[in-house]
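Novice: Once you've had a glance at the structure underneath, I'll fire off some questions.
Nothing in this text is a laboratory measurement; each read-out follows from the coordinates by a stated rule. All of these numbers come straight from a predicted model, not from anything done at the bench. Ideal geometry is used to build each Cβ from the backbone, glycine not excepted, and the neighbour counts take in all protein chains shown.
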Amino acid sequence: MKGIGGRRSGSISAGGGRESVHNAKPFGANGTGVPEMAKQQQQPQQSGNDAKGIATRAADYSQWYLDIVKRAELAEHSSVRGCMVIRPQGYAIWEKMQRELDDRFKATGHVNAYFPLFIPLSFLAREEQHAAGFAKECAVVTHHRLKTIDGKVQVDPDSKLEEPLIVRPTSETIIWNQYKGWIQSYRDLPLLINQWANVCRWEMRTRLFLRTAEFLWQEGHTAHASEQEAREETHRMLGVYADFAENVMAMPVVQGAKSPGERFPGAVESLSIEAMMQDGKALQAGTSHYLGQNFAKSAEVQFLNKEGKLEYPYATSWGVSTRLMGALIMTHSDDTGLICPPKLAPIHAVIVPIFRKDDEKAKVLPACEALQQELRQAGLAVKLDDRDLHPGAKYYEWEMKGVPVRIEIGPKDLEKDSVCLVRRFVIEQPGESEDDRRKRKKSFIPRGEALAQIRGLMDSMQKELFQRALAFRESRTRVIDTLDQFEAFFKGDGGFAWVHWAGNAEQEEELAKRFETSIRCIPLASQIPDAARGAGTCILTGRPSAQRVVMAKSY
RNA sequence: CGGGGCGUAGUUCAGCUUGGUAGAACGCCUGGUUUGGGACCAGGAGGUCGCAGGUUCGAAUCCUGUCGCCCCGACCA
């Protein structure tokens, strides 16, 4: 055992509280004909897999997640409570996410800008609902100077600010305060602006990427001349997020509206995309809000419409954050480490040279360099790992870090004019041995076909990851009509439950307390599978319900 | 904010009960032999034991205070 060992067993196994993930049952137990992406041998009393320093999902899902983040060098805790350091490997993925999203924002007519980190308290106080929603968890700046007192640097008590500044938890208020100067006429609309920024929410309990005191995100803030146009924008951006999630992250999502209880403070309607993680819990992966005229009114922004009348513009805001990193990890990765979809992989392929003697090395290395060159010219990110380590050590390392394809080139390959390609994953087949699976990952191909084959692999692996994640979600999704079924489902492995709902906020809370579930979203019509269509009666109250909602435990 | 745990080498930890020269493994560096799934041998570098007081001839160890982090809960845009 090396690396992360000791404190593991038992440390997170405290009780069967809301973290149902800690039971040692294999995942996907009741999935039929489904790839067993999460299925593991049972390893009670031990996290297993210790040689690799990664807990298995079956033994300890939370630890598995933390191990991946740590061992794949994506992020780590900083010396500041609740704040993380995003390491180069993790940041590279985030940068790719940013690029993909930013391109889509631009393609839908948005431009980037930047607004201040500090928000005067009075701005936040103007929008009551909004302020109430953020009241408890903000960082507040009260002083503006340091002073050396008795040789120690301290806050200068004489530097107290007249008005405290809030470190932005989100920027609606300060942005709309600025929009006041930008919007006078219907000709100034729509105003379509996005900002990439950090925000701060003084979270009491944190988890790397999923919830930290400071995180990175983008927030779009738009202003429109009509309600309809703003509502369309809200849906358009949700669609952008869904497209990104599914086609770039290879992560299937359910698009829907939030229930009143889960709505963004100050919003008229909140939409979200919801993804299922490998423990069956839902993770909100992006939100888009129709804000009505709330923020325009509190910031006193008005415009003259075509009829020459003064009117408040209609607003939207939408955002995704570094939380997506957590979603990415928990959607695809396995017990060997990170699995990164090709479209987000900082390195597409790593070349591992194989040789014994110096004369072999002298032949193999140039061949590796030539291939690297060829692949790079074709736009692939290729790393040649020529470190003085055993090949096996390199295999494990790059698998752990999620590189999609490994290329091995050795003396035998040179003889046969071939190369060895090893994909990071294959779709698991039931009953397959570890050995068989490993063989299926590996292929020997003519050297001349390398580029085409690798390109093809990028494509097919991207698609397979989506298919695999979708199949997993389906296997953990049920249409449920009675409270008994509901209870049994969530006492078991759980997942997404499509249920009829007509309860009020209090009843929603009751359900949350009893089963630790919540309404993840009220799906858009396009999202509802055939088996879940139609009207029915509420699972709790028996009242008539027009459509089903998705309930799940959540992050 | 409540409950629990932990601060000793880069990392994970032992040592503390019963005070007496600072330990292990992994990692790192050097040299050699190795290299198609985590190599081996030899040598080496690396710690004001979280911080501040106190007790003592002597403190990583005992006492008091303090700071920080992690986990669980409340909370969660």
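Novice: Skipping prolines and chain starts, which residues have an amide H placed within reach, meaning under 5 Å, of the one on residue A:289, given they are 5 or more residues away or on another chain?
Specialist: For residue A:289, the qualifying residues are A:271, A:317, A:318.
Novice: While we're on this one: Given the peptides A:97-107, A:239-249, arrange them by the average over their residues of other C-beta atoms within 10 Å, most packed first.
Specialist: A:239-249, A:97-107
Novice: Can you tell me which of A:84-95, A:386-397 comes out highest on packing, and rank the rest after it, using the mean Cβ neighbours within 10 Å? Working shown, then result.
Specialist: Details: A:84-95: 18.3, A:386-397: 12.9.
Per-residue Cβ counts within 10 Å, averaged per peptide and sorted highest first, yield A:84-95, A:386-397.
Novice: Further, regarding this structure: How much FRET efficiency would the formula 1/(1 + (r/R0)^6) give for residue A:145 and residue A:122, where r is the Cβ-Cβ distance and R0 is 22 Å, rounded to 0.05?
Specialist: 0.50
Novice: For the range A:458-555, with equal point scatterers placed on the C-alpha atoms only and solvent neglected, what are the log10 I(q)/I(0) values from the Debye formula at q = 0.12, 0.21 1/Å, to two decimals?
Specialist: So the normalised log intensities work out to -0.41, -1.07.
Novice: To continue, here is another question. Using amide H atoms built in the peptide plane, which far-off residues or other-chain residues are under 5 Å from residue A:524 H to H?
Specialist: Counting only residues 5 or more places away or on other chains, the set is A:255, A:256, A:257.
Novice: Let me ask something additional. Viscosity 1.567 mPa s, temperature 4 °C: what is the translational diffusion coefficient of the range A:311-355 from Stokes-Einstein with a Kirkwood Rh over Cα pairs, rounded to a whole number of µm²/s? If you can, show how the numbers build up before the last one.
Specialist: Details: Rh = 14.2 Å.
D = 91 µm²/s.
Novice: So how long is each side of the range A:342-460 along the principal axes, counting just the alpha-carbon atoms, biggest first, in Å?
Specialist: 44, 30, 26 Å, listed from the longest principal axis down.
Novice: Once you compute Rg and the Kirkwood Rh from C-alpha atoms, what is the Rg to Rh ratio for the range A:196-289?
Specialist: In the range A:196-289, Rg relative to Rh is 0.97.
Novice: How big is the charge dipole of the range A:206-281 about its Cα centre, in debye rounded to the nearest 20, if each Lys and Arg gets +1 on its Cβ and each Asp and Glu gets -1 on its Cβ?
Specialist: The dipole magnitude comes to about 300 debye.
Novice: Order of A:521, A:340 from fewest to most other C-beta atoms within 10 Å?
Specialist: Result, fewest neighbours first: A:521, A:340.
Novice: Shifting gears a bit: Debye sum, Cα scatterers, the range A:89-331, no solvent: what log₁₀ I/I(0) at q = 0.18 1/Å?
Specialist: Computed log10 I(q)/I(0) values: -1.43.
Novice: Here is a follow-up. For residue A:204 and residue A:514, FRET efficiency with R0 = 22 Å and r from the beta-carbon atoms, rounded to 0.05?
Specialist: Using R0 = 22 Å, I get an efficiency of 0.35.
Novice: Looking at chain A, do any whole DSSP H helices span at least 20 angstrom along their long axis by alpha carbon and average -0.5 or above on Kyte-Doolittle, and which?
Specialist: Sorted by number, the helices that extend far enough and score high enough are A:450-475.
Novice: Residue A:496's amide H: which non-local residues (gap 5+, or another chain) put their own amide H closer than 5 Å, with H modeled 1.01 Å from N in plane and none for Pro or chain starts?
Specialist: A:477, A:478
Novice: Next question. What ranking, highest mean first, results for peptides A:427-439, A:322-334, A:361-373 when packing means the other Cβ atoms within 10 Å averaged over each residue?
Specialist: The most tightly packed comes first, giving A:322-334, A:361-373, A:427-439.
Novice: Shifting gears a bit: Restricting the calculation to Cα positions, tell me the Rg (one decimal) and the Dmax (whole number) of chain A in Å.
Specialist: Rg then Dmax for chain A, in Å: 26.0, 84.
Novice: Taking the Cα centre of chain A as the origin, how large is its charge dipole in debye, to the nearest 20, when only Lys and Arg (+1) and Asp and Glu (-1) carry charge on their Cβ atoms?
Specialist: Roughly 840 debye, rounded to the nearest 20.
Novice: Same structure, new question: How large are Rg and Dmax for the range A:319-398 when calculated on the C-alpha trace, in angstrom?
Specialist: My reading of the Cα-based Rg and Dmax gives 16.0, 56 Å.
Novice: Multiply the residue gap between residue A:377 and residue A:111 by 0.36 nm, knock off their C-alpha separation, and tell me the result in nm, one decimal place.
Specialist: So the chain would gain 92.6 nm between residue A:377 and residue A:111.
Novice: Given a cut-off of under 8 Å on Cα pairs at least six residues apart, what relative contact order in percent is computed for the range A:433-555?
Specialist: So the answer I get is 25 percent.
Novice: Here's a follow-up. Return the inverse of the average 1/r over all pairs of distinct C-alpha atoms in the range A:237-321, which is the Kirkwood hydrodynamic radius, in Å to one decimal. Walk me through the intermediate numbers first.
Specialist: Details: mean 1/r = 0.0695 Å⁻¹.
This gives a value of 14.4 Å.
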